[in-house]
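FYI, it's all coordinate maths here, none of it is from the lab. Fair warning: this is a prediction, and the values are worked out from it, not measured in the lab. Virtual Cβ from ideal backbone geometry, glycine too; neighbours counted across all protein chains shown.
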Amino acid sequence: MKTEPKGYNSMITLNNFNLSYDDVGEGTIPVIFLHGFPFDKNTWYSQLEFLKSSYRVIACDIRGFGKSKDERSPLSIDLFAEDLIWFMDKMHIDKAIVCGLSMGGFIALHAQKRFPDRFEALILCDTQCIADTTEVKEKRYKAIDEIAADGVDNFNEAFIKRVFHKDSFTNKKEVVEQLRNTVFSNPPYIISQGLVALAERSETCSTLNEIIIPTLIICGKDDEVTPLAQSEYMHQQIKGSVLRVIDRAGHVSNLEQPDEFNKHLADFLSTLGGKDSEELNLSIRALND
């Protein structure tokens with residue numbers, strides 16, 4: 001989330017909108033990062049900078065968010081999943097390692113379910129496979145009504161308070177403020193449409209046992225939005241998956257504890273084999289020397 005070197009803020013035209021993305025580093029199998037709601041691709045900056053010496057890493061602004069402007073289309077998780085595949089097609093990416101946080105995890109799970117042959121590996125961060133309960137869905141639609149009546153400020157502030165570990169408001173004020181600015185940069189239409197997409201998504205729990213690719217699951221120990229129990233359930237259902245829990249982190253573990261988060265990423269990617277992993281292992285050993 002600093003000064004943007006070459007490879008950041010590219011644009012590509014997909015199905016009726018322009019998608020903004022960062023594409024840095026080199027590697028045979030790219031790692032594509034999908035952000036949460038209502039964030040943007042800049043939340044992955046630390047991960048891109050950490051991995052770009054060994055991997056080709058790509059972060060996308062999901063349709064409607066960040067610089068991927070779209071204030072006309074009805075948004076849904078299925079549409080976001082199709083956007084991911086359209087993006088991969090347009091970029092001539094046959095397979096990718098896909099990493100999604102929160103809503104990005106919903107997208108990754110739905111896309112993997114529909115297009116399993118496009119995935120080399122899966123990284124699920126602070127997310128879950130369940131659909132909204134009736135109660136949660138009602139809360140989302142109530143929030144939409146309140147936004148229509150009173151604007152987005154109250155919703156945004158309440159959301160920021162939920163996603164961080166309590167210590168971050170004292171010890172990581174700059175990170176909190178950066179994310180607050182990102183959240184408040186979204187038009188009210190996108191906040192409301194994002195809530196609809198979340199409320200109307202289908203579950204993916206029933207097909208977790210069909211996932212046969214390497215899978216890493218990461219969760220902040222104190223995540224209130226998608227609690228650790230949900231990650232533990234996915235870990236139990238996805239055969240061979242790896243679960244890593246990050247202390248002193250809430251729903252945005254990659255921002256709150258980036259060093260530990262990046263280490264878990266590196267450890268997982270290094271197990272996948274290939275030239276990229278060999279280069280990453282060399283980088284990890286160099287850091288430890």
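Results, tabulated for the structure shown:
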| read-out | value |
| --- | --- |
| C-alpha long axis of helix 103-114 to longest principal axis of the chain, angle in ° | 70 degrees |
| Straight-distance crosslink candidates among lysines, where the alpha carbon sits under 23 Å from LYS172 and sequence neighbours closer than 8 are dropped | LYS2, LYS41, LYS161, LYS221, LYS263 |
| Ranked list, fewest to most other Cβ atoms within 10 Å of each Cβ, for MET91, MET103, MET11 | MET11, MET91, MET103 |
| Radius of gyration and maximum dimension Dmax of the range 10-288, Cα, Å | 17.6, 55 |
| Tilt relative to the chain, helix 153-163 - C-alpha long axis, 0 to 90 degrees, to 10 | 40 degrees |
| Isolated Cys residues of the chain, judged by Cβ distance under 4.7 Å to other cysteines | CYS60, CYS99, CYS125, CYS219 |
| Residue order, fewest to most beta carbons within 10 Å, for LEU216, LEU272 | LEU272, LEU216 |
| Size-normalised alpha-carbon gyration radius of the range 1-99, reference 2.2 N^0.38 Å | 1.01 |
| Sorted by Cβ density within 10 Å, fewest first, the residues ARG63, ARG118 | ARG118, ARG63 |
